[in-house]
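Data first, discussion second: the structure below is written as structure tokens.
The values are calculated or read from the model by the stated rules, or taken from the named source; none is laboratory data. All figures in this text were calculated on a predicted structure; none of them were measured in a lab. Positions of Cβ are generated from backbone atoms using ideal geometry, with glycine treated the same way; all protein chains shown enter the neighbour counts.
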Amino acid sequence: MEVKILNVISERDSKNCIVDFATQFGSGRAEWFGSPPHLLYSYGVEFSIEEELVWGDSIIQVEKEQYAIDYQDEFIILRGRLESIDADGNADIRIGHSILMIVTVGSPPAQDALVQIRSKKPVLYPHDEYGLMPLDSSYQQSWTPQLESVFSSTTYKEFLERYGRIRLEYSRLYNLHLQYEPQERRDSPESKQMDLLKDQSNQMLQEYIRRLPVHFVAQCPYCNSPILQPVDSFSLIGFYPLINISDFYHSSEAWTANLPPPRQCCRHAIVATLSVNLNGLIPDDLPTWALNRKWGKLHSAPRVMVWPLIARQTSAVIHALPIGRLDDPEPIHRYTAYFVTYFANGTTNLYTEDMWVPTDVERPATEGVLYDPDLAKWVRAGRLFWLDPNDPTRLIRDPAESFPYTNIQPQGWYEIVEKGQINGPHAYYKTWQGDAPLHDESLPQTIE
Ligand SMILES: [Zn+2]
């Protein structure tokens, strides 16, 4: 059967990863055998259920005349036709053109009956790694799939070590080159070496971005396109000022810039902002070279940026992703990153002079603008939606009572200072006290 990979979730206690996938009969979640697959690629796979199924319990006869694949309450549901069964309970189930071989116990229905399997132990076995093919070529461009193209926890740490050595050597040369008279510095041997190191570290940063895992960060409320971005889920190093991955989320041009992995946005996406909650931890796992310089402001709790959302026909989608620490052998959920991605529909007045707030490089402004930490207000107004934390391919619009990110604490901004200590969080000087206008309403000229 052909499956398209929607999400790759790594599992700590298992060698294999878990994937969300879509097929022509529906979508589900299952363990993936072998090296992790590429996001949004299609693979030919064999389904396997790694448990004995019991007739009348985990496998039942059903009436519905159609093949189906679904995922409910951590169970995969597979519906097909009982093609054959032998005296030992070995059965073949047909789902479309595919045959699923299972082992059953108990008394089976007659051959050709429609049956439904409910199991927590589905595994996908890819036919062969090289049989993969991109389903949608529009954002693949020159990217050639290579399994080593995504960081593992080990290659990530090796990468940081190499990058850190370059940074340390650069600072050493920088201090040496200061001993020259200012007019001689440019031509000093140290300065030439520094230029080389700069090139090297730029190349390394490109490699870094290319090798980050790509995640669902939002889904467009207007055209349903998944928004896919590289996210450094290994550690906080993405916010190191010379890397500053947040820059990538600050304009849709940067997202679509001709850089590999399969990133994706849509024409409605405007900008995304990020908050990082430290969940009470001190980031003293960060390497010394990274703490040698001042880090930028980070925000502790998710908040909505008000200016795009007081225009007509705009909305935002929030999603949380885990970030790990460098002192864990494998990344596990230590910090939480909250992405808020903003969208504008075709009939919006967002791009008028009354509403649009740019930076001086014409990108949408994300700093020095009004934020509102009261997210529930924007959910109730139909302006803020969220991805299902258990199934990021599902956009949820209501009810406001099930919104999972109300009142995340602490709020405010903070800085990472020497030895990974925290300065903050500090309360915002000013937050939005006004209402959240409904989707078809706008509040022009309320923000300077
Ligand atoms: Zn869209």
Q: All but one of (1) without any contact (Cβ under 8 Å) to a residue 12 or more places away in the chain; (2) over 15 Å from the mean Cα position of the chain (by Cα) hold for His333, so report the exception by its number.
A: (2)
Q: Return yes when Arg186 is of a type in the set (Lys, Arg), over 23 Å from Tyr240 (Cβ atoms) and not assigned by TED's automatic domain parsing to the domain that holds Asp232 and no when it is not.
A: yes
(Q) Taking the criterion of being on the phi < 0 side of the Ramachandran plot, at pLDDT 90 or above and out of contact with any Leu (no Cβ under 6 Å at 6 or more places or on another chain), would at least one residue in region 240-255 satisfy it? (A) yes
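Does Val369 meet the test of being assigned to a loop (DSSP other than H, G, I, E, B), out of contact with any Phe, Trp or Tyr (no Cβ under 7 Å at 6 or more places or on another chain), away from the ligand (no atom under 16 Å from the Cβ) and β-branched (Val, Ile, Thr)?
On the way: assigned to a loop (DSSP other than H, G, I, E, B): yes; out of contact with any Phe, Trp or Tyr (no Cβ under 7 Å at 6 or more places or on another chain): no; away from the ligand (no atom under 16 Å from the Cβ): yes; β-branched (Val, Ile, Thr): yes.
It is false that Val369 is assigned to a loop (DSSP other than H, G, I, E, B), out of contact with any Phe, Trp or Tyr (no Cβ under 7 Å at 6 or more places or on another chain), away from the ligand (no atom under 16 Å from the Cβ) and β-branched (Val, Ile, Thr).
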Q. In region 27-68, which residues are part of a loop (DSSP other than H, G, I, E, B) and of a type in the set (D, E, K, R)?
A. Glu50, Glu51, Glu52, Asp57, Glu63, Lys64, Glu65
Q.
Based on this model, can you work out whether Gln193 counts as closer than 30 Å to Arg172 by Cβ and not hydroxyl-bearing (Ser, Thr, Tyr)?
A. yes
(Q) I'm told Ala68 meets every condition in (1) in contact with an Asp or Glu (Cβ under 9 Å, 6 or more places away or on another chain); (2) of a type outside the set (Phe, Trp, Tyr); (3) over 30 Å from Phe151 (Cβ atoms) except one. Can you identify the failing condition by its number? (A) (1)
Q | Any hit, region 298-306, residues being buried (at least 23 other Cβ atoms within 10 Å of the Cβ), under 19 Å from Arg363 (Cβ atoms), assigned by TED's automatic domain parsing to the domain that holds Gly412 and within 16 Å of the ligand (Cβ to nearest atom) | A | no
Q) For region 376-389, how many residues are in contact with a strand residue (DSSP E or B) (Cβ under 6 Å, 6 or more places away or on another chain) and closer than 12 Å to Pro302 by Cβ? A) 3
Q: Among the residues of region 261-283, write down those that are in contact with a strand residue (DSSP E or B) (Cβ under 6 Å, 6 or more places away or on another chain), within 15 Å of the ligand (Cβ to nearest atom) and part of a loop (DSSP other than H, G, I, E, B).
A: Arg263, Cys265, His268
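Let's see how each residue does on (1) more than 19 Å from the chain's Cα centre (by Cα); (2) over 30 Å from Glu330 (Cα atoms):
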residue: Asn7; (1), (2): no, no
residue: Lys15; (1), (2): yes, no
residue: Ile18; (1), (2): no, no
residue: Gly28; (1), (2): no, no
residue: His38; (1), (2): no, no
residue: Tyr41; (1), (2): no, no
residue: Glu74; (1), (2): yes, no
residue: Leu82; (1), (2): yes, yes
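Kindly indicate whether Pro437 is within 29 Å of Phe239 (Cβ to Cβ) and either modelled with pLDDT of 95 or more or surrounded by 13 or more Cβ atoms within 10 Å (Cβ to Cβ) (or both). So that I can check it myself, show each step before the final result.
Values: within 29 Å of Phe239 (Cβ to Cβ): no; either modelled with pLDDT of 95 or more or surrounded by 13 or more Cβ atoms within 10 Å (Cβ to Cβ) (or both): yes.
In short, no.
Among the candidates Arg325, Arg380, which residue alone is in contact (Cβ under 8 Å) with a residue 24 or more places away in the chain and under 30 Å from Phe234 (Cα atoms)? So that I can check it myself, show each step before the final result.
Details: Arg380 fails: under 30 Å from Phe234 (Cα atoms).
Checking each option against the conditions leaves just Arg325.
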Q. Within region 214-237, can you find the residues that are away from the ligand (no atom under 13 Å from the Cβ) and either among the polar types (S, T, N, Q) or assigned to a helix (DSSP H, G or I) (or both)?
A. Gln229, Ser233, Ser235, Leu236, Ile237
Q | Candidate set from region 186-199 (those that are in a helix (DSSP H, G or I) and surrounded by 15 or more Cβ atoms within 10 Å (Cβ to Cβ)); member that is nearest to the chain's Cα centre (by Cα) | A | Leu197
Q: Please work out which one of (1) out of contact with any Pro (no Cβ under 7 Å at 6 or more places or on another chain); (2) more than 16 Å from the ligand (Cβ to nearest atom) is the condition Thr348 fails and give its number.
A: (2)
**Q.** Selected residue [in contact (Cβ under 8 Å) with a residue 60 or more places away in the chain and either in contact with a Leu (Cβ under 8 Å, 6 or more places away or on another chain) or not polar (S, T, N, Q) (or both)] from His215, His177
**A.** His215
